[in-house]
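Computed from the coordinates by the stated procedures, all read-outs in this text should not be read as laboratory data. Predicted, not measured: the structure shown is a model, and the values here were computed from it. Quick reminder, even Gly has a Cβ in these numbers, built from the backbone with ideal geometry, and neighbours come from all protein chains shown.
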Amino acid sequence: MSNKTSIFITTNKLDLQSCYDFVQGSACGGISVFVGTVRNSTNSKEVKFLDFSGYEPMAIKEMKKIADRAIEEFDIHKIAIHHALGKLNIGEIPVIITVSSAHRKAAFEACQFAIDTLKETVPIWKKEYFSDGEVWVNAHP
Amino acid sequence: MTHIQVLFFGITTDIVGENSTSLTVESNTSIKILKSKLIQKYPSLKNLNEFAIAVNEEYAENDLILKDNDVVAVIPPVSGG
């Protein structure tokens with residue numbers, strides 16, 4: 001299934017066009033795209049920037065599992081899941097998911113499945129930096 | 001005895017103060033027992049929401065038995081995306 005999936009982790013800037021180009025094809029009736037962006041506040045507190053770290057080899061494996069499951073469970077052609085690590089400023093892009101399919105429903109559903117599952121299983125962590133300190137997201141009850 | 005490497009990620013690196021450590025545990029130690037040993041050694045781990053354990057880059061169930069040279073990762077709640 002690897003010719004149908006593109007999995008990538010980088011400390012450089014993610015490239016939306018390459019995620020689009022990977023899934024694009026003449027048999028596709030549509031492409032759904034999810035772009036995660038760094039928000040400027042958490043609980044109305046101003047965020048300065050985020051720092052992402054990951055257990056890279058395992059994160060790649062878990063992202064691949066998600067992509068393979070998406071191919072198995074939804075009627076889609078291709079899926080790309082790319083994630084950035086390191087310091088990201090407000091508005092910058094930590095994650096891009098693109099999915100192509102013959103009909104739009106499958107692409108929408110697979111895209112939602114992929115981002116929801118990524119947030120539960122892929123070993124990547126973000127630390128939020130505020131003007132008065134920093135917080136590991138989700139770490140405490 | 002079973003010798004393992006333990007990797008820490010996310011908030012656990014701050015709690016433990018290092019990225020990895022070597023550990024020797026009794027033979028036939030399960031993940032469940034390892035978790036309680038880690039909490040004994042690093043009591044602040046209790047303050048976490050929860051943490052998972054991965055062995056050799058795969059999530060491990062509580063009843064898995066550790067083997068010599070396993071690479072164990074302490075996985076606090078993830079927050080990618």
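Values computed for the structure shown
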{"read-out": "B:D14 versus B:S44: modelled label distance in nm, points set 7 Å from Cα along the beta carbon direction", "value": "0.8"}
{"read-out": "q = 0.22 Å⁻¹: log10 I(q)/I(0) that the Debye formula gives for the range A:2-129, counting C-alpha atoms only", "value": "-1.23"}
{"read-out": "Overall form of chain B per C-alpha gyration tensor (a/c, 1.5; a/b vs b/c)", "value": "prolate"}
{"read-out": "Proximal aspartates and glutamates relative to A:K126, as straight alpha-carbon distance under 12 Å, when same-chain residues fewer than 8 apart are discounted", "value": "A:D51, A:E134"}
{"read-out": "Chain B - share of DSSP beta bridges that are antiparallel (%, nearest 5)", "value": "75"}
{"read-out": "Built amide H within the under 5 Å cut-off of A:A102, gap 5+", "value": "A:G29, A:H77"}
{"read-out": "Net charge over other residues, Cβ less than 13 angstrom from the Cβ of A:I76 (K, R count +1; D, E count -1)", "value": "0"}
{"read-out": "Computed over the range A:51-99: relative contact order in percent, which uses C-alpha pairs under 8 Å that are six or more apart", "value": "39"}
{"read-out": "Separation between Cα centres of the range B:1-69 and the range A:18-87, rounded to whole Å", "value": "29"}
{"read-out": "Cβ neighbours within 10 Å from other chains - mean over A:58-66", "value": "3"}
{"read-out": "Point-charge dipole on Cβ atoms (K/R +1, D/E -1) for chain A, about Cα centre, debye to 20", "value": "100"}
{"read-out": "Relative contact order, percent, chain A [alpha-carbon distance under 8 Å, six or more residues apart]", "value": "35"}
{"read-out": "19 Å Cα-Cα reach of A:K127 towards lysines, excluding residues that sit fewer than 8 places from it in its own chain", "value": "A:K13, A:K45, A:K48, A:K87, A:K119"}
{"read-out": "Principal-axis tilt of helix B:31-41 within chain B, Cα atoms, nearest 10 degrees", "value": "60"}
{"read-out": "Proximal lysine pairs, the range B:2-75, alpha carbons under 15 Å, eight or more residues apart or interchain", "value": "5"}
{"read-out": "Relative contact order of chain B, pairs being alpha-carbon contacts under 8 Å that are 6 or more residues apart, as %", "value": "42"}
{"read-out": "Calculated diffusion of the protein assembly as shown, Stokes-Einstein form, Kirkwood radius summed over Cα pairs, 4 °C and 1.567 mPa s, µm²/s", "value": "70"}
{"read-out": "Theoretical FRET efficiency, 1/(1+(r/R0)^6), r = Cβ-Cβ of A:N40 and A:Q112, R0 22 Å, to 0.05", "value": "0.35"}
